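Working notes, beginning with the structure itself.
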Amino acid sequence: MAIQTMNPATNEVVKTFEPHTSKEVEQKIESADKAFRNWRKTTFAERAKLMQKCAGILDNDAEKYGRIITLEMGKPLKDGIAEVKKCALACRYYAENAEDFLKDETIETKAEKSLIAYEPLGVILAVMPWNFPFWQVFRFLAPALMAGNTGLLKHASNVPQCALAIEEIIRKAGFPEDVFYTLLIGSKEVDAVIGHPAVKAVTLTGSEAAGAHVAATAGKEIKKTVLELGGSDPFIVLADADLELAAQNAMKSRMVNTGQSCIAAKRFIVVETIANTFLDKIKAKMAALKTGDPLKDDCDYGPMARPDLAEELQEQVEQSIKKGAKVVLKGGREGKDSAYFKPMILSNVKPGMPAYDEEMFGPVAAFIVAKDEDDAIRIANDSRFGLAGSVWTKDHERGLKVARQVESGAMFVNAMVASSPEMPFGGIKKSGYGRELSYVGIREFVNQKSIWVG
Ligand code: NDP
């Protein structure tokens, strides 16, 4: 795919970018490696000062950067602005806490003194997706820089202006020029970057296929990876749930980012006694949403990020219908070549259908009826994914019990799944491994060194 900004609301190619040559890429890797030797010696206070400046820029210029996001991948402007502001939160969180998270940890042993020291590794490569083109990058970059690492970004080919804007923000904040570079390269060039001896580890957020490929290459090089891949999060509604609250959150969780979120609720698993009531409620809420120009205030959801993604989703829907799924809310792709996709609900969703087995990365809700609580847990776990999920019940203890039985990296009781800087984020099964955010995330790309004295 060419590196270009194509506005998905209009299909207009706004700007095309010349990819960096392999020589340019090598120079940037080497500069980032050289910069690491000085950067690792800076104090946490020095790094925090720059990271706080970065947060200030993100807050002050949220509208400017939000517009770039909207133009490149189609989310409503208000959501783009909120995303940029969330990045400021992550920068502040790590500016304030990194020193504490990485301070020496004394361990009692028979030695006179023994401790774990957390030391930076060097140049870390981030391969990132288009769905949250700022947030996905900052949640890697803020902890990486605060830990004393330097970073390289290979962003998705459809969001080059976001990638360059992030480089600009880091420079404006006053970070040394070489501690972070955007590489304008295609995915085929990634293996060579991973193979460069200066690159010490890789983090990837994206599809299973991209994750498996990058992890295999890094594995051959004995380099650590963190993978944040897809999900098919269950949204479990029990008989005693507040159905209005659950339906409101179900709609929001399915429609976030026009359904293009790894932690969007995708499978709605509802016990049979309340199934029809809940279905009517969520149908009414999804049907009431408005689309249009994502730059305008009255747009609830924008186009999908690229026409080919809408086409792929339509194909998953059609395959599911062929295998017996029923259309409860009519919708789908708005026309050939369009990236707009109207929300849909499919019921009678069964194993063997894409809506049950695969990730549906767009505004299509799969509705599944469970006999009871145990059956709902069984269905929730009947998935190759294990990213997150939620359970809805008025009984918090019961919710907690269910949450512990679902195979996933996170569970929310009576709340929509969302990431926040304080809590670890990541999955199990085919959703990946490793964690981002919290103190856990900043320790992924450090050498956890044991030191033993006498
Ligand atoms: P990809 O996984 O293909 O893209 C994500 C990133 O990985 C991009 O930077 C991409 O670069 C890069 N990449 C892709 N293949 C390779 C490779 N073989 N080696 C190195 N880097 C690679 O996502 P798509 O845009 O194709 O979306 C397809 C599906 O992926 C979605 O429908 C969804 O299911 C899932 N997805 C999940 C996301 C999540 O948040 N977990 C985010 C985005 C997608 P380039 O753009 O140049 O190809």
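Points to keep in mind about this one:
- Taking residues in the stretch 122-138 that are in a loop (DSSP other than H, G, I, E, B), and partners anywhere that are among the β-branched types (Val, Ile, Thr) and near the ligand (Cβ under 7 Å from one of its atoms), the pairs with Cβ atoms closer than 8 Å and at least 6 places apart or on different chains are MET128/THR205; PRO129/THR205.
- Across the stretch 1-30, the number of residues qualifying as buried (at least 18 other Cβ atoms within 10 Å of the Cβ) and either within 28 Å of ALA173 (Cβ to Cβ) or within 16 Å of the ligand (Cβ to nearest atom) (or both) comes to 8.
- The stretch 204-229, subset among the polar types (S, T, N, Q) and outside any strand (DSSP E or B), residue farthest from the ligand (Cβ to nearest atom): THR217
- Test: residue in the stretch 4-19 that is in contact (Cβ under 8 Å) with a residue 40 or more places away in the chain, in a loop (DSSP other than H, G, I, E, B) and more than 29 Å from ARG306 (Cα to Cα): no
- Residue in the stretch 73-81 that is crowded, with 23+ Cβ neighbours inside 10 Å, within 16 Å of the ligand (Cβ to nearest atom) and either in a loop (DSSP other than H, G, I, E, B) or at pLDDT below 95 (or both) present: yes
- Residue in the stretch 91-113 that is of a type in the set (A, V, I, L, M, F, W, C), within 19 Å of TYR181 (Cα to Cα), touching a residue at least 40 places away in the same chain (Cβ under 8 Å) and crowded, with 16+ Cβ neighbours inside 10 Å present: yes
- Conditions (1) in a helix (DSSP H, G or I); (2) within 16 Å of the ligand (Cβ to nearest atom); (3) not aliphatic (A, V, I, L, M): number failed by THR277: (2)
- Boolean, GLN405 is surrounded by fewer than 17 Cβ atoms within 10 Å (Cβ to Cβ), among the polar types (S, T, N, Q) and within 22 Å of PHE235 (Cα to Cα): yes
- Pair list, Cβ < 6 Å and 6+ apart or interchain, from the stretch 403-420 residues that are β-branched (Val, Ile, Thr) to residues that are at pLDDT 95 or above: VAL406/ALA380; VAL406/GLY389; VAL413/VAL391; VAL413/GLY399; VAL413/ALA403; VAL417/ILE263; VAL417/ALA388; VAL417/SER390
- Considering the stretch 282-311, and only residues there that are in a helix (DSSP H, G or I) and surrounded by fewer than 16 Cβ atoms within 10 Å (Cβ to Cβ), the residue that is farthest from the ligand (Cβ to nearest atom) turns out to be ALA284.
Per-residue answers, yes or no, for (1) acidic (Asp, Glu); (2) touching an Asp or Glu at 6+ places or on another chain (Cβ under 8 Å); (3) modelled with pLDDT of 95 or more; (4) part of a loop (DSSP other than H, G, I, E, B):
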| position | (1), (2), (3), (4) |
| --- | --- |
| ALA376 | no, no, yes, no |
| ALA388 | no, yes, yes, yes |
| LYS394 | no, yes, yes, yes |
| LYS401 | no, no, yes, no |
| GLU407 | yes, no, yes, yes |
| ALA410 | no, no, yes, yes |
| ALA415 | no, no, yes, yes |
| PRO421 | no, no, yes, yes |
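- Matching residues, the stretch 241-267, being within 15 Å of the ligand (Cβ to nearest atom) and within 19 Å of PRO76 (Cα to Cα): SER253, ARG254, VAL256, ASN257, THR258, GLY259, GLN260, SER261, CYS262, ILE263, ALA264
- Of the residues making up the stretch 169-199, those that are away from the ligand (no atom under 16 Å from the Cβ) and either out of contact with any helix residue (DSSP H, G or I) (no Cβ under 7 Å at 6 or more places or on another chain) or of a type outside the set (Asp, Glu) (or both) are ILE169, ILE170, ARG171, LYS172, ALA173, GLY174, PHE175, PRO176, VAL179, PHE180, PRO197, ALA198.
The values are calculated or read from the model by the stated rules, or taken from the named source; none is laboratory data. In this text, all values refer to a predicted model and were calculated from it rather than measured experimentally. Methodologically, a virtual Cβ is constructed for each residue, glycine included, from the backbone with ideal geometry; neighbour enumeration extends over all protein chains shown.
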